[in-house]
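Below is one structure, written out as structure tokens; the observations come after it.
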Amino acid sequence: MNLVPPRRYWLTGASSGIGAELAKALLDSGAHVAVSSRSKAPLEQLALSPQCGFASTEEGNVLTEEQQWAKMREIVELADEVWG
């Protein structure tokens, strides 16, 4: 069952709970999904899906605000490279 039109989504906090379940539902519906989280291991399982172009993690809260903005720009650029 296709819940959403095939689009690109970026989910933060996708390693557990609602974020993980939403990522799985979007992937099952055929959407392209980028996921990010502070917990690495659960994201590696999501990244096995062909529609999940990549996963991005930084263990714990180690990034400054400037580094967080830079990471967001990097993910947007990577999504553009992966999915056009």
Problem set entry | Residues that are touching a strand residue (DSSP E or B) at 6+ places or on another chain (Cβ under 9 Å) and either aliphatic (A, V, I, L, M) or under 13 Å from residue 32 (Cβ atoms) (or both), drawn from the range 73-84 | 75, 76, 78, 79, 82, 83
Problem set entry | Evaluation of residue 45 against (1) assigned to a helix (DSSP H, G or I); (2) modelled with pLDDT under 70; (3) in contact with a Leu (Cβ under 9 Å, 6 or more places away or on another chain) (one fails), failing number | (3)
Exercise. Quick one: is residue 15 modelled with pLDDT under 80, touching a Ser or Thr at 6+ places or on another chain (Cβ under 6 Å) and part of a loop (DSSP other than H, G, I, E, B)?
Worked result: yes
For this session: Assess whether residue 22 counts as being assigned to a helix (DSSP H, G or I), at pLDDT 65 or above and touching a Cys at 6+ places or on another chain (Cβ under 8 Å).
Result: no
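The values are calculated or read from the model by the stated rules, or taken from the named source; none is laboratory data. Predicted model only: the values in this text are computed from it and were never measured. Neighbour counts run over all protein chains shown; Cβ positions are idealised from the backbone, glycine included.
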